[in-house]
Amino acid sequence: MRKALRWLLALTVLIGTLSTTGAATAARSEATGTDIKDRLLSIPGMSLIEEKPYPGYRFFVLNYTQPVDHRHPSKGTFQQRITVLHKDVSRPTVFYTSGYNVSTNAGRREPTQIVDGNQVSMEYRFFTPSRPAPADWSKLDIWQAASDQHRIFEALKPIYSGNWIATGGSKGGMTATYYERFYPGDMNGTVAYVAPNDVVNGEDSAYDRFFTKVGTKQCRDRLDAVQREALVRREPLERKYAAYAADNGYTFTTVGSLDKAYEAVVLDYVWGFWQYNLLANCGDDSLIPPDAKRASDDQIWNSIDTVSGFSAYADQGLEPYTPYYYQAATQLGAPTIHFPYIEKRYIRYGYQPPRNFVPREIPTRFQPWAMRDVDTWVRHHARHTLYVYGQNDPWGSERFRVDKGAKDSYVLTAPGMNHGANVAGLVADEKTFATARILQWAGVPARSTAQAKPLARFDARLDVRDVEREPALRP
C-alpha cells in the first residue's frame, strides 16, 4: 500500500563546515592526514554507533541529531541513523534511502556500483530506532523527511565535495523524488526505481487494467483460482490461521479481527506474486497449485503464506511498518483493486484502506494535494532524473512521467521484470544510455554512450540485485 506547500528552506541549526579538502585514500585524507572517521565525527551532532570492516571501503553506522520539526528546530531533536560506505572523498557520492529502515550491513546500490563511489544511506524518520520520543506523528510527512536528507547532505558535502546522486527503490524511489522536489539544488541527479505515483487516490482503475493483461492468461487464471479457493475454504483455513496465530503469539487488535487479517492476506496474493516473482515462477507447482479445486488445504495455505505471508496483518507484522501506513493514510495514498472473478459473497471487506493498519490512537487525515503537487512538479521541472520500472510490477501501474518541461529526464521499463527492476535489466540500448546518463550526472562521464558501463566490478556481497522481500502492498 503507499502540498500545497511550496518548498521551503528549513530553519536549521548551523551545522558548520569543514575546511579540509583534497583527495584521500579509503582510510586517510592525503591533504590533511585526518582519518575519515575523525572527519565524520567532527560534524556537530554526528556520533559513531560502530565501524564494520569491508575490503576497499570503510563502513560506518552513525547517529545524526535532527530536529523533530525542521520548521521549528528548537522544539526537540531525535537521533537519526545513517550509514556511510566510504571509498574516497574524490569519488562521487550516492545518497540512498529505502524509505524504511536502514541496513547496518555494508551494501552497495546499483548507482554506487555504476559510479564506483561512496554511499550515504538514511533511515527514514519514525522507523525505529529513528523515532522521536514522544512521537508527534504530525511531523511525519514528505517535506520533513526531505529536510532530513537536505540537512545530512549539507553536513557531509564539505567532506564529499564531488557530485551527488540520489537513489532509492519503491518507497525509496518516491523519497528520492520528494527530496528533489523540495530541494532541487542539492543533487546532481536522481535515479528512482519502481516508484509508485498515486496522484488521485480515489481513481485506481490502472491497477485493474494491469491485472487483466500481465503475464499470460494461463498464469493469471492459475493465480486467480488459488486466491478464490482460499476464500471459498475460509472456514477451515481460518481455523488453521487461529492455531498458527496462537503458536506464534500473534494478535489482531489494529486490523480488528483475525477474519479481516485473513482476507487482507488472501487479497494480496495475486498482487504479491507479480510484485516478487517472474512469469516463469507461475509454472512452479510447489508454489502455485496447478488445480486449485483439487489442491489440499495445506497446498492452498502454503501458497498464500509463501506469496503474501500470514503474519503481515497481525499486530506484530504491522507494527514495524506503522510509519508507512501512516504516510499512506495521510499523503501517499494506496491502491484499491477489484476481483471480478471472485463472487461477492466470498469477499467481506475488500481492499482495506491504510487507516485500518494504523493504531486507533494515532490520528490521520488525508491530504489529497500532496501527490498532485509532486506529480505536477516532476512533469514540468524534473532535472537529471531517471525512473526505472518493471513491466510486470503492479506498482508501476501508476508511475511518474516527465513532460516537455522536464530536462534530461527519462522513464524506462525493464521487460519482464518485477519490483526488483533495475538498469541492468533494461534492453541493451537503454541500459547503456541510462548508465551513460548516471555517469554524466555523477561527473565521471564515459567517453561515449556506447562505452558506458559500471566503473566498479560486481560484488556478490555488496551489490543487492534482488527485490527486498516485504509483505505485499508495501512499496
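The values are calculated or read from the model by the stated rules, or taken from the named source; none is laboratory data. From a predicted model like this one, the values you see are computed outputs, not experimental measurements. Positions of Cβ are generated from backbone atoms using ideal geometry, with glycine treated the same way; all protein chains shown enter the neighbour counts. Ligands, DNA and RNA are stripped out before the accessible areas are found, and what is left, the full protein with its side chains, is counted by its heavy atoms. Shrake-Rupley method; radii C 1.70, N 1.55, O 1.52, S 1.80 Å.
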Discussion item. I'd like the Karplus ³J(HN,Hα) series for region 199-208: coefficients 6.51, -1.76, 1.60, θ = phi - 60°, whole numbers in Hz, and an x wherever there's a Gly or Pro.
Written reply: 6, 10, 4, x, 10, 10, 5, 4, 5, 4
Practice prompt. Take the Cβ-Cβ distance between residue 458 and residue 345 as r, set R0 to 56 Å, and report the resulting FRET efficiency rounded to the nearest 0.05.
Written response: 0.60
Worksheet entry | Accessible solvent surface per residue of region 219-298, calculated while the other protein chains remain in place, 1.4 angstrom probe, Å² | 41 Å²
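Using packing as a proxy for protection, rank 253-264, 306-317 so that the peptide with the highest average count of other Cβ atoms within 10 Å comes first. If you can, show how the numbers build up before the last one.
Numbers: 253-264: 19.2, 306-317: 20.9.
Packing order, densest peptide first, comes out as 306-317, 253-264.
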Item to complete: For residue 278 and residue 449, calculate 0.36 nm times their separation in residues minus their Cα-Cα distance, and state this gained length in nm to one decimal.
Response: 58.6 nm
Worksheet, complete the sentence: For the residue 285, residue 427 Cβ pair and Förster radius 30 Å, calculated FRET efficiency rounded to 0.05 is 0.45
Worksheet item: Which links in 52/453; 87/157; 171/260 stretch past 21 Å when you go from one Cα to the other?
Response: 52/453; 171/260
Fill in: Ratio Rg/Rh [Cα only; Rh per Kirkwood] for region 322-366
1.08
Response to the item:
Here region 289-298 yields Karplus 3J(HN,Hα) values (6.51, -1.76, 1.60; θ = phi - 60°; whole Hz; Gly and Pro given as x) of x, x, 10, 4, 5, 9, 6, 6, 4, 5
Worksheet, complete the sentence: Restricted to region 62-149, the DSSP antiparallel beta bridge percent, nearest 5, is 70 percent
Worksheet item: How far apart, in nm, are the 7 Å Cα→Cβ label points at residue 259 and residue 136?
Response: 4.1 nm
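Using the C-alpha atoms of the chain, what convex hull volume per residue, in cubic angstrom, is computed? Provide the component values of the computation, followed by the final result.
Details: hull volume 69.4 nm³, N = 475.
About 146 Å³ per residue, rounded to a whole number.
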Fill in: Whole-Hz ³J(HN,Hα) from phi, Karplus 6.51 cos²θ - 1.76 cosθ + 1.60, for region 348-356, glycine and proline x
9, 10, x, 5, 7, x, x, 4, 5
Worksheet, complete the sentence: Counting only protein heavy atoms and rolling a 1.4 Å probe, one gets per residue an accessible area for region 307-392 in Å² of 43 Å²
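Out of the total accessible area of the chain (probe 1.4 Å, heavy atoms of protein only), what percent is carbon and sulfur?
The value for the chain is 52 percent carbon and sulfur by accessible area.
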Discussion item. Could you check the spin-label model distance between residue 105 and residue 380? Points 7 Å from the Cα along Cα→Cβ, value in nm.
Written reply: 4.6 nm
Worksheet item: Extension gain residue 235-residue 35, at 0.36 nm per residue separation less the Cα-Cα distance, in nm?
Response: 65.7 nm
Worksheet entry | Label point distance in nm, residue 50-residue 205, each placed 7 Å from Cα along Cα→Cβ | 5.3 nm
Discussion item. Roughly how far apart, in whole Å, are the Cα centres of region 264-339 and region 127-174?
Written reply: 29 Å
Worksheet item: Let a ≥ b ≥ c be the square roots of the eigenvalues of the Cα gyration tensor of region 207-319; is it rounded (a/c under 1.5), or, if not, prolate (a/b larger than b/c) or oblate?
Response: prolate
